[in-house]
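A short worksheet on the structure shown next.
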Amino acid sequence: MTQQCSTSPNSPVIVTGAASGIGLACAEALVAAGRPVALWDISDTVIASAEKLAQTSGRACIGCVVDVASVAALRAAVVQSRAALGPIGGLVHAAGVAGVGPLDQLEPAQWDTVININLRAEIFLAQALRTDMKSLPGSAIVGIASINATLGNAMNPSYSASKGGMLAANRALADDLAQDGIRINSVSPGQIQTPMIQQ
Ligand SMILES: NC(=O)c1ccc[n+]([C@@H]2O[C@H](COP(=O)([O-])OP(=O)(O)OC[C@H]3O[C@@H](n4cnc5c(N)ncnc54)[C@H](O)[C@@H]3O)[C@@H](O)[C@H]2O)c1
C-alpha cells in the first residue's frame, strides 16, 4: 500500500551561510529544483550571489545580510524573507564557523560565538518558521552538522559541541515538529574543500 502525501514543492526556502561553500551549493541546487530561495549570510557578497542566481534561473531569489548569532536579527530577516517571497516552506542551516581552539586556548566569548552561530540559530529559526511551515505540507528543515559531531577532535571542542548539539536538538525538534507535519534532519559531512577548510 502506498501512502500519498500532499506537498508544497514550490515553497520558498531560506538557506543560511549561502554566500559560500555548502550553503551556496544548496541554494543553487534548490533554485535548479524550482524553489524560490532567500540566501542569507553575514557576508554582503550574498547579495550579488542572489542576484546572479535570480538572473540565470529566472526564479525569485533574495539576498539578505544577517548575523544569525543574533536572534533579533534572524527574526527580522525571517520577516523580510517572508515579505519578499511568501510563507517559507524550507530551511537549510549551513551558516557555520570552524571555531578551532583546543581546551587550553578556549575563551568563553569564542565558545558562545560558535554555539550561537552553528547551533542556536537553527533552533530559533525553527521557532520563527513553525507557523509558515505548518501551513505548507511537506515543509522541511536540514541542519548541516559535521563528522565532528561524533568523531572526538582535540582541536575543536566548541565546534564539536555545536554539531553534536545539533544532532540531539534536531531529534528533540523532530519529536515536536512531526505533530505539524514538518520534517527535520541533520547531515554530517566529512571534509569538503570549501573556504572554511582552507583556513
Ligand atoms: N567544509 C567541510 O569540510 C565541512 C564539513 C562538515 C560540516 N561543515 C559545515 O557546513 C557548513 C558550511 O560550511 P562550508 O564548509 O561551506 O564553509 P564556508 O566558510 O564556505 O561557508 C560558511 C558560511 O557561513 C557564513 N557565516 C558565518 N558566520 C555567520 C553568521 N554569524 N551569520 C550568517 N552567516 C555566517 C560565512 O560567511 C560563510 O559564507 C558549516 O556549518 C560547517 O560547519 C563543513
In terms of the ratio Rg/(2.2 N^0.38 Å) built on C-alpha atoms, what value belongs to the stretch 71-192?
-> 1.11
What residue among GLU51, GLU107, GLU28 has the largest mean-square fluctuation in a Gaussian network model of the chain, using Cα springs under 10 Å?
-> GLU107
Report the net charge of residues surrounding SER11, where surrounding means a beta-carbon distance below 9 angstrom and charges are Lys +1, Arg +1, Asp -1, Glu -1.
-> 0
Taking 0.36 nm per intervening residue step and subtracting the Cα-Cα distance, what contour gain separates ALA174 from ALA76 on full extension?
-> 32.8 nm
Per residue convex hull volume, Cα atoms of the stretch 52-98, in Å³ = 102
Do you know the relative contact order of the chain, to the nearest whole percent, from alpha carbon pairs under 8 angstrom that are 6+ apart?
-> 21
Sticking with the crude label model, points 7 Å out along Cα→Cβ, report the distance from ILE147 to LEU106 in nm, one decimal please.
-> 2.3
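Readers should treat all values here as calculations from the given coordinates under stated rules, not as data from a laboratory. Just so it is clear, the structure is predicted and the values come from calculations on it, not from any experiment. Note: ideal-geometry Cβ built from the backbone for every residue, glycine included; neighbour counts use all protein chains shown.
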